[in-house]
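Worksheet: one structure, shown below.
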Amino acid sequence: MLPDIGPTIPGVTASASATQAPSIAARAVSRRFGDRQALREVSFEALPGELVAIIGPNGAGKTTLLSILGGLQKPSGGEVSRPPREVGWVPQQTAIYAKLTVRENLKLFARLEKVDDPAGAVERALELTGLHGRADDVLSELSGGNRQRVNIAVGLLADPPVLLLDEPSSALDPRQRERLWAFITGLVEGGRTTVLWSTHDVGEAERHADRVLVLADGELLFTGSPAALHAEVGGVQRDFEAAFVRFLHKRGH
Amino acid sequence: MRHLLVKDLRILRRSPLLVGLLVVYPLIVALLIGFALTRGPEKPRVALANEVPETASTINLGGEEIDIGDYAQRLFAAVEPVEVDSREEAVELVESGDVLGALVIPQDATRRLQEVVNLGSVGGEPPQVEVIVNTQGPLQGSLVDSLIQTQLLQANAALSERATQAAAQYLDILLSGGSFSLLGQSIDILGLQRSVEVLEGVKQRLPEDDPQREAIQEVQTFAQLAVDNLDFSDEILSTINSPVQVETTRLEAGSATLDDFTIAVAVSVSLMFVCLLLAAGMLALEREENAFGRLVRGLVSRLGVVVEKLGLAALCGGTVGGIMLVGLAVFLDLDFARAPAWLAALALASLAFGALGVLVGALARDVRAASLLAFLLSLPLAFLALVPPGAVTGVLSTVIEVVSAVFPFAPTLEAVQAAIAGDALLAPLLHLAVLLVAFTALARIALARFGAT
C-alpha cells in the first residue's frame with residue numbers, strides 16, 4: 001500500500017482521509033502514447049466501501065486510468081498503491097470464453113487466480129451474481145446482461161478489496177442495468193469492497209456514486225460528490241448532466 | 001498454464017467441426033497415401049489401331065519367321081491396350097478422353113520392316129508408327145507420349161537384337177561353312193576356314209617353283225586374316241546392339257525412398273496446417289474474447305500464454321502426426337523400432353510450426369485474420385520448400401533456399417523423412433529447435449503490444 005498519498009486529496013473530506021486508510025490510491029499517474037499525453041499526473045484515493053465514478057468526455061483518459069489501476073498498462077510516471085492481483089478487473093467487453101459454461105469459466109479463473117478454495121469461490125460468485133440456475137449453461141447461450149454478470153463474477157472471484165468496472169452498463173437494457181446496480185451496491189455494503197467505474201452516463205454516476213472523478217484531456221479536473229459538482233457550477237442547472245457540461249465549459253473543455 | 005491448456009482442449013472438444021477436421025483429415029490422407037503407395041501405378045489406357053492384315057504380320061529374319069504381334073505385345077506391356085479398327089476410331093477415343101493416347105501401326109509396317117531387315121535391301125524406308133496424344137491434359141499427354149516412346153525404343157532394341165543374331169548366324173556360316181535357306185532353297189556354303197584348308201591342299205600339290213604358289217599363298221593369308229578377325233564378330237555385333245550401357249551409382253547420403261518422401265510430405269503438410277492454424281487461432285481467440293488482457297494482468301505471463309499455445313500445438317500436432325504414421329504403417333513397411341525418432345521429429349516439428357502459428361496469432365487481430373494469414377503464409381512457403389534443388393539456379397535458387405530455411409516446412413520434411421528411413425536426425429532437429437526459439441522470441445515481442453483488451 002502506498003505509504004503517503006500526499007497531504008490533501010481533492011474531494012475527500014479531511015476527517016475521512018484522516019481516519020480511514022484508502023483502499024486504492026494513485027499518485028501523479030501519467031501515461032503518454034507517443035506525442036499524446038493520455039493522463040497528466042492524476043492523483044486520488046478511494047476509501048473502503050466507496051462507489052467512485054470516473055466521468056469525462058470521449059478520450060478523456062477514463063479507460064486508460066482504469067487500465068493502469070488494474071495493471072493492464074504501466075504508467076509512464078507515478079504509482080498505484082495496490083498490485084494488480086489485489087484488484088478485481090471487469091472490462092467493458094466481456095472477457096470470458098463463449099464456449100465454456102458459466103461454472104467452467106469461473107473455475108478456470110479461480111484456479112488462475114490461485115484462490116485457496118476454487119470450488120468455494122465459484123459457488124460464492126454464483127451466489128453473489130444469482131447465476132446458480134445458469135451455472136451449467138454455455139456462455140454463448142446467455143443474454144448480454146447475464147454475460148456481464150459472469151464478467152463481474154470473474155472479477156470478484158479472488159474477493160478483491162477493490163473492483164474496477166469499465167463502462168459496466170453500456171450494453172445493458174434498463175431492467176438489466178437496474179439489476180446490475182442492485183448487485184454492485186450490495187457489494188459495497190459493509191464497506192468491504194471499493195468500486196470504481198468509468199461511465200459516459202453521468203446520470204448513472206449521480207444516482208450511484210459517492211464520489212465522481214471528472215477527467216478531461218487526461219487531467220483530473222474534479223473529485224467530489226455529485227452534489228459538490230453541482231455546487232461548483234452554482235447549483236443553477238436543472239440536472240446533473242447540464243451541470244457536468246457547464247463545468248467542462250467553465251474549465252475550458 | 002496447465003489450466004489454460006485444459007481450457008483450450010475443452011474448447012476444441014466443443015468445436016466438433018474443427019476436431020473432426022483435425023482427426024479425420026490426417027486419417028483420410030494416411031489412408032489415401034497408403035492405398036496409393038501399395039497399389040502401385042495404374043496402367044494408362046491406350047488405343048491400338050493395328051492396320052496390318054493378319055496374313056502379313058510376320059517377317060522373315062535369317063530364315064526364321066517372326067510374328068510382329070509378339071513385339072506389339074511388348075509395346076503394350078506398360079499400358080492397357082484398347083484395340084480399335086481404324087485410325088479414325090483411335091482419334092475419336094483420344095478426343096473423348098476414353099483413352100490417354102493411341103498408337104497406329106500402318107498397313108505397310110511389316111513390308112517395310114522386312115525390307116529393312118533383308119540383307120539385300122539396304123536403303124529401304126523404315127516402318128513408321130503414329131502416336132496420338134491429347135494435349136488438353138498436358139501432363140497426361142506428355143506421360144503417354146514418353147511411355148510409348150520408351151516402349152517403342154525397347155521394341156526396336158528387341159528387333160535389333162534379333163537382327164543382330166541373324167547377322168551373326170550368317171557370319172558364322174561364312175566363317176565355318178554350312179547351309180542356309182534363301183527363297184525356299186537350301187544353299188551350301190564352304191566357309192572361310194575350310195577355304196584355307198582347300199587352298200593349303202592345292203598349294204601342296206603344286207611344284208615348289210610354280211609361280212601360282214605365291215598367288216595361292218596371298219589368298220590363303222587373306223582368308224586366314226578374315227577367319228581370325230571374324231572370330232570377334234559376335235562380340236562386336238553385340239556391342240553395336242547396346243553401344244552404351246548404364247550403371248547407376250547411388251551415393252549413400254540417405255536411404256530414404258520415394259515412399260518415405262511421399263509419407264514425409266503428407267505428414268509435414270498435416271503438421272503444418274494443424275499446428276499453425278491451431279496455435280494462431282487459439283492465441284487470436286484469447287484476444288477476440290478479450291480474455292488476453294485479463295490473463296496477462298498477473299494471472300499468466302505473456303511468455304506463459306505463448307508456451308501454453310506451443311504445448312497445445314505440440315500435443316495436437318504430435319497426435320495427428322502419430323495417427324498418420326501408425327495409419328500408414330498398416331499399409332507400408334514402416335519400422336516401429338524407429339518410433340522414438342518419429343516422436344522426436346513430430347514433437348520438434350509441431351513446436352516449430354506452433355511457434356510460427358503463435359507469431360501469426362500475435363500479429364493478427366482475430367481468429368479469422370489469423371487463419372487467413374496462416375494459410376497465405378504457409379501454402380506458398382511449403383510449395384517453395386518442395387522445389388527440387390537444382391531445378392532453379394542463381395539468385396532465385398539462393399532466395400528459395402533462404403526462405404525455406406527460415407520456415408519450418410523444409411526441416412520438418414527432412415526430419416520426418418530421416419526418422420522414417422533411419423537416417424541422421426540431429427541436423428534437422430537442431431534446425432527446428434533454432435526456428436522454435438526464434439519464432440517464440442518474435443511472438444513474445446509481438447505480444448508486448450497487447451495489454452489492455
Worksheet item: Within region A:223-253, can you find the residues that are among the hydrophobic types (A, V, I, L, M, F, W, C) and out of contact with any Lys or Arg (no Cβ under 8 Å at 6 or more places or on another chain)?
Response: A:227, A:228, A:229, A:231, A:236, A:240, A:242, A:243, A:244, A:245, A:247, A:248
Discussion item. Going by what's in this entry, would residue B:428 be described as in the same structural domain as residue B:290 (by TED's automatic domain parsing), of a type outside the set (Val, Ile, Thr) and outside any helix (DSSP H, G or I)?
Written reply: no
Worksheet, complete the sentence: For region B:418-440, pairs from a residue that is at positive phi to a residue that is surrounded by fewer than 23 Cβ atoms within 10 Å (Cβ to Cβ) and among the basic types (Lys, Arg), with Cβ under 9 Å and 6 or more apart or across chains, are B:422/B:338
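Which helices (runs of 4 or more DSSP H) sit wholly inside region B:276-376 and have at least 3 residues that are within 13 Å of chain A (Cβ to nearest Cβ)? Walk me through how you get there before you give the answer.
Working: elements: B:291-296, B:302-331, B:339-363.
Qualifying helices (runs of 4 or more DSSP H): B:291-296, B:302-331.
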Worksheet entry | Filter result (under 15 Å from the mean Cα position of the chain (by Cα) and of a type in the set (A, V, I, L, M)) within region A:166-195 | A:180, A:184, A:187, A:188, A:195
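Which residues, taken from region A:151-174, are part of a helix (DSSP H, G or I), in contact (Cβ under 8 Å) with a residue 12 or more places away in the chain and of a type outside the set (A, V, I, L, M)?
Step one: of region A:151-174, the residues part of a helix (DSSP H, G or I) are A:151-156, A:174.
Filter once more, keeping what is in contact (Cβ under 8 Å) with a residue 12 or more places away in the chain: A:151-156.
A:151, A:155 - these are the residues of region A:151-174 that are part of a helix (DSSP H, G or I), in contact (Cβ under 8 Å) with a residue 12 or more places away in the chain and of a type outside the set (A, V, I, L, M).
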Worksheet item: Limited to region B:406-425, what total is found for residues that are over 12 Å from residue B:344 (Cβ atoms) and in a loop (DSSP other than H, G, I, E, B)?
Response: 6
Discussion item. Name the residue that is surrounded by the fewest Cβ atoms within 10 Å (Cβ to Cβ), counting only residues in region A:80-103 that are facing chain B (nearest Cβ under 7 Å) and among the small types (Gly, Ala, Ser).
Written reply: A:98
Worksheet item: Inside region A:122-141, can you point out the residues that are closer than 23 Å to residue A:166 by Cα, aliphatic (A, V, I, L, M) and within 14 Å of another protein chain (Cβ to nearest Cβ)?
Response: A:122, A:139
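Answer yes if at least one residue in region A:146-165 is more than 22 Å from the chain's Cα centre (by Cα), more than 14 Å from chain B (Cβ to nearest Cβ) and either within 27 Å of residue B:18 (Cα to Cα) or surrounded by fewer than 18 Cβ atoms within 10 Å (Cβ to Cβ) (or both), and no otherwise.
Filtering region A:146-165 down to residues more than 22 Å from the chain's Cα centre (by Cα) leaves none.
No, that holds for no residue.
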Discussion item. Criterion first (assigned to a loop (DSSP other than H, G, I, E, B), among the small types (Gly, Ala, Ser), away from every other protein chain (no Cβ under 14 Å) and touching a strand residue (DSSP E or B) at 6+ places or on another chain (Cβ under 8 Å)) does residue A:25 satisfy it?
Written reply: no
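The values are calculated or read from the model by the stated rules, or taken from the named source; none is laboratory data. Just so it is clear, the structure is predicted and the values come from calculations on it, not from any experiment. FYI the Cβ positions are ideal-geometry reconstructions off the backbone, even for glycines, and counts take in every protein chain you see.
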